[in-house]
Amino acid sequence: MTILTTKTIRRAPIVRVRQPDLTPDEQANVRKAIRFLAIRLGRSELAARLGMTLPAVRASLVRTRPVSPALAIRVARVAEAKVDAVLAGEWPPEGACPHCGRG
C-alpha cells in the first residue's frame, strides 16, 4: 500500500482576454478601409498584400476577430495612406468609388 506524502494541486492555466488596443470607432474605420480595399483589389489579393489568409481577412470584416494596431498599419501601407487617416475614418474619402477611387 502506497502512502501519499505530498499533495499535488493542478490548476488550469489562467487565460487572460486582452482588450483591443483600438477603440470601437477606430476598429470600424479600419474595417471600412478593408472593405474598400477588398472591392478594389479583390479579397485574395488583399489577403496576400496584408500577409494574412483569406479566412483571417473575412474574420476581420465580420467582427469575429478584433482589429489590431498592426493590422491598421498594414492596411494603411496597402492603401498608401497615413495610419491616422485610416483610424480616423478619413480614408477612403466619403463617397469614393472603390473601383476607380474617384469621389
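In the stretch 82-103, the residues that are in contact (Cβ under 8 Å) with a residue 12 or more places away in the chain reach residues that are surrounded by fewer than 11 Cβ atoms within 10 Å (Cβ to Cβ) and part of a loop (DSSP other than H, G, I, E, B) with C-beta atoms within less than 8 angstrom, at least six apart or across chains, in these pairs: Ala96/Arg102; Ala96/Gly103.
For the stretch 82-98, a residue qualifies if it is surrounded by 14 or more Cβ atoms within 10 Å (Cβ to Cβ) and touching a helix residue (DSSP H, G or I) at 6+ places or on another chain (Cβ under 7 Å), and the qualifying residues are Val83, Val86, Leu87, Gly89, Trp91, Pro92. Taken over the stretch 32-47, the residue count meeting the criterion of being surrounded by fewer than 18 Cβ atoms within 10 Å (Cβ to Cβ) and assigned to a helix (DSSP H, G or I) is 7.
Of the residues Ala56, Ala12, Ala72, the single one that is over 20 Å from Pro92 (Cβ atoms) and within 10 Å of the chain's Cα centre (by Cα) is Ala56. Restricting the stretch 50-103 to residues that are among the acidic types (Asp, Glu) and on the phi < 0 side of the Ramachandran plot leaves a set whose member that is modelled with the lowest pLDDT is Glu94. Scan the stretch 12-31 residue by residue and report those that are touching a residue at least 60 places away in the same chain (Cβ under 8 Å) and loosely packed, with under 13 Cβ neighbours inside 10 Å. Of everything in the stretch 12-31, just one residue is touching a residue at least 60 places away in the same chain (Cβ under 8 Å) and loosely packed, with under 13 Cβ neighbours inside 10 Å, namely Asp25.
The values are calculated or read from the model by the stated rules, or taken from the named source; none is laboratory data. Nothing here was measured: the structure is a model prediction, and the numbers come from that model. Ideal geometry is used to build each Cβ from the backbone, glycine not excepted, and the neighbour counts take in all protein chains shown.
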